[in-house]
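This report refers to the structure that appears directly beneath it.
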Amino acid sequence: MADNSVYGSPDVSLSVADDTFKASEAATLSVVASNDGDIRQGGPAQYEEKIKTAQNVRMTVLEDQIDAPIDVKTGTVVRGSLPGASTAPFDFNIEIGNATPGTYRIPVRVEYKHVRAVQYSDTEQPEYVWSTVDERKSVTITVEDRPQFDVVSEGTNSIFAGDTGNLSFTIENTGTRTAHDASVRLSTQSDSLYFGSPTNAKAQTGLYVPTLEPGERTTVSAQVGAGPETAAGEYPVNAVVSYENQNGVTEQSDTLTTGVQVRPERSFELRDVSTENFRVDENEARINATVVNTGPGDARNVAVMLGQTSTVTATNGESAVGDLAVGESAPVSFTVAIPASAEPGTNTFPFTVQYENADGDVRETDAPLRQSIAIGPERDPFTVTNVSTGVSPGGSDSVTVSVRYNGEKPVSATNAKLFVSDPISTSDDGAYLGAMTPGETKNATFTVSAGSGALVKEYAASVEVRYDDADGDTKYTDGLPIGIPVSPSSGGLPVPLPVIVVAVLVVAGGAYVLYRRQ
């Protein structure tokens with residue numbers, strides 16, 4: 001029987017794949033089990049393989065026997081089989097506290113079963129003899145003597161969308177060695193968050209720290225900004241510390257994380273929009289409105305700008321209002337020139353708001369405030385308010401035309417000229433009105449005659465006014481339409497006075513001739 005037996009056992013040893021750890025970190029302890037297998041009496045290969053294989057291998061880290069601040073977060077790890085001449089990792093999640101640098105023994109319990117002997121013959125089925133193993137082993141790890149870092153406090157780190165602000169936080173060297181020539185590299189994963197100014201935006205930035213002793217803290221800060229389209233919320237910022245160790249070799253820390261709170265973009269509204277003289281061919285048309293800071297932050301040195309349009313030309317397109325707290329408002333006004341070629345109707349006018357942030361940097365709203373404003377038709381500088389005459393068919397009379405000046409500035413050398421057509425005629429068609437002030441009315445007097453065939457009705461005529469404006473330029477109005485009424489004669493024969501006089505003279509002359517003949 002001894003000649004028909006194979007016996008032996010697995011030979012399991014333990015090691016650690018990476019035995020170097022840092023204090024105050026979460027890590028993976030990977031215990032590698034190696035099975036060398038031990039055959040004390042050999043035989044057929046299939047039976048030797050059975051004997052060397054450890055089956056149902058189970059491994060447990062005995063946390064309560066570790067003499068260090070190490071917490072094991074993983075329970076028993078089970079593997080199926082571990083054949084001879086093979087290895088298998090058993091991974092455990094651990095947390096290392098503020099452990100003193102040095103070497104630590106980690107006790108491990110290993111359990112498995114195996115075939116320790118096989119009896120076989122040519123005529124019968126082999127007989128297997130089983131055994132169970134429950135061993136206590138250990139592995140060794142090292143906690144490094146090195147710098148280590150942690151974010152221990154943070155500033156407010158709040159910025160507005162479309163603006164920049166300050167990112168500030170404090171890091172501490174929680175390790176056991178000094179970090180020399182350290183640099184803190186900041187980066188963000190958000191496309192809308194950046195470092196630096198809007199004109200020199202960067203996805204990363206670096207900050208220099210000459211030395212940082214164990215237990216020493218330092219505060220680092222950098223300018224950070226958010227694009228105007230950035231949604232409100234918390235955005236992470238990663239920090240990695242690079243430094244030289246005691247041997248002059250450059251090493252890096254684990255990634256530290258801080259954050260930036262992005263608040264909605266400052267916003268403004270234009271309310272109570274009104275206009276003055278907003279019409280075609282007006283050099284001093286005015287837009288009046290109220291600008292309101294609708295939040296969410298205060299704004300300093302606010303100014304509202306009228307944007308360019310193809311319709312009007314801004315002669316004063318900026319209105320400064322000073323500081324505006326959230327909810328506060330201030331009046332604004334703008335002056336524009338509207339050309340004679342402009343078409344009356346409603347047009348859209350863009351307004352932008354500029355302001356300063358807390359650092360004194362000038363910012364501007366991303367989207368313009370658009371307002372629909374109507375352009376009125378051109379207004380005549382003069383209008384006729386009254387026409388008075390007593391002319392009748394075949395007669396002559398004066399016509400008094402009341403002319404009102406509607407402009408904004410005084411004018412001079414004002415002359416009115418009357419234009420008539422048959423059966424109305426004029427022997428005196430000009431009237432000098434001189435200087436006129438806004439809103440003033442003056443009477444222009446002309447002499448007209450109505451033909452004997454004129455009907456009793458109103459005949460069309462017009463008055464043209466020539467004047468010198470405030471700049472000394474001579475201008476002419478279009479013809480201002482008026483009506484000249486022809487009224488019936490008042491009493492007696494409907495014969496004009498000159499005809500009656502001639503008739504009287506003829507009769508008197510005839511009577512005198514008869515008298516002499518007698």
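The values are calculated or read from the model by the stated rules, or taken from the named source; none is laboratory data. Quantities reported herein were computed from a predicted structural model and do not represent experimental measurements. All Cβ positions, glycine included, derive from the backbone under ideal geometry; neighbour counts span all protein chains shown. For the accessible areas, the whole protein counts, side chains as well, though only heavy atoms, and no ligand, DNA or RNA atoms are used. Shrake-Rupley method; radii C 1.70, N 1.55, O 1.52, S 1.80 Å.
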### Message
Looking at the range 347-359, I want the residues that are in contact (Cβ under 8 Å) with a residue 12 or more places away in the chain and under 24 Å from Thr164 (Cβ atoms) and have a partner that is open to solvent by 50 Å² or more (accessible area, probe 1.4 Å) and among the basic types (Lys, Arg) with Cβ atoms under 6 Å, at least 6 apart or on another chain. Which pairs are those?
### Response
Glu356/Arg300
### Task
Residue by residue through the range 441-464, note down the ones that are part of a strand (DSSP E or B) and closer than 14 Å to Asp422 by Cβ.
Val448, Ser449, Ala450, Tyr459, Ala460, Ala461
### Residue list for the range 70-104, restricted to those being on the phi > 0 side of the Ramachandran plot and among the hydroxyl-bearing types (Ser, Thr, Tyr)
none
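Considering only the range 238-247, I want to know if a residue exists there that is among the aliphatic types (A, V, I, L, M), under 24 Å from Tyr355 (Cβ atoms), touching a residue at least 40 places away in the same chain (Cβ under 8 Å) and buried (at least 16 other Cβ atoms within 10 Å of the Cβ).
For the range 238-247, residues among the aliphatic types (A, V, I, L, M), under 24 Å from Tyr355 (Cβ atoms), touching a residue at least 40 places away in the same chain (Cβ under 8 Å) and buried (at least 16 other Cβ atoms within 10 Å of the Cβ): absent.
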## Note on the structure
Of the listed residues (Gly8, Gly75, Gly43), the one being part of a loop (DSSP other than H, G, I, E, B) and surrounded by 17 or more Cβ atoms within 10 Å (Cβ to Cβ) is Gly43
### Query
Can you tell which of Asp272, Asp254 is closer than 30 Å to Leu324 by Cα and open to solvent by 80 Å² or more (accessible area, probe 1.4 Å)?
Asp272
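Which one is most open to solvent (accessible area, probe 1.4 Å) among residues in the range 299-315 that are under 30 Å from Asp359 (Cα atoms) and not in a strand (DSSP E or B)? It would help to see each step written out before you state the result.
From the range 299-315, those under 30 Å from Asp359 (Cα atoms) are 299-308; that's our starting set.
Within this subset, residues satisfying the condition of being not in a strand (DSSP E or B) are 307-308.
Values: Gly307: 28, Gln308: 184 Å².
So the residue we want is Gln308.
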### Query
Going by the conditions given, is Thr164 surrounded by 13 or more Cβ atoms within 10 Å (Cβ to Cβ), without any contact (Cβ under 8 Å) to a residue 24 or more places away in the chain, among the hydroxyl-bearing types (Ser, Thr, Tyr) and over 30 Å from Glu244 (Cα atoms)?
no
### Task
Only one of these is open to solvent by 30 Å² or more (accessible area, probe 1.4 Å) and assigned to a strand (DSSP E or B): Thr426, Thr414. Name it.
Thr426
### Query
With Thr294, Thr199, Thr290 as the choices, which residue is surrounded by fewer than 19 Cβ atoms within 10 Å (Cβ to Cβ), within 32 Å of the chain's Cα centre (by Cα) and not in a strand (DSSP E or B)?
Thr199
### Query
When only residues in the range 202-230 that are open to solvent by less than 60 Å² (accessible area, probe 1.4 Å) and farther than 17 Å from Ile171 by Cβ count, which is nearest to the chain's Cα centre (by Cα)?
Pro228
### Message
I'd like to know if the range 327-346 contains one or more residues that are farther than 30 Å from Tyr467 by Cα, at pLDDT below 95 and buried (at least 18 other Cβ atoms within 10 Å of the Cβ).
### Response
no
### Summary
When every residue in the range 252-286 that is within 19 Å of Ile171 (Cα to Cα) and among the hydroxyl-bearing types (Ser, Thr, Tyr) is compared, the one nearest to the chain's Cα centre (by Cα) is Thr258
#### Entry: Count of residues meeting criterion [of a type outside the set (Val, Ile, Thr), within 17 Å of Ser427 (Cβ to Cβ) and assigned to a strand (DSSP E or B)] in the range 388-405
3
## Note on the structure
Considering residues that are among the small types (Gly, Ala, Ser), crowded, with 18+ Cβ neighbours inside 10 Å and either in a strand (DSSP E or B) or under 60 Å from the mean Cα position of the chain (by Cα) (or both), the number found within the range 25-40 is 1
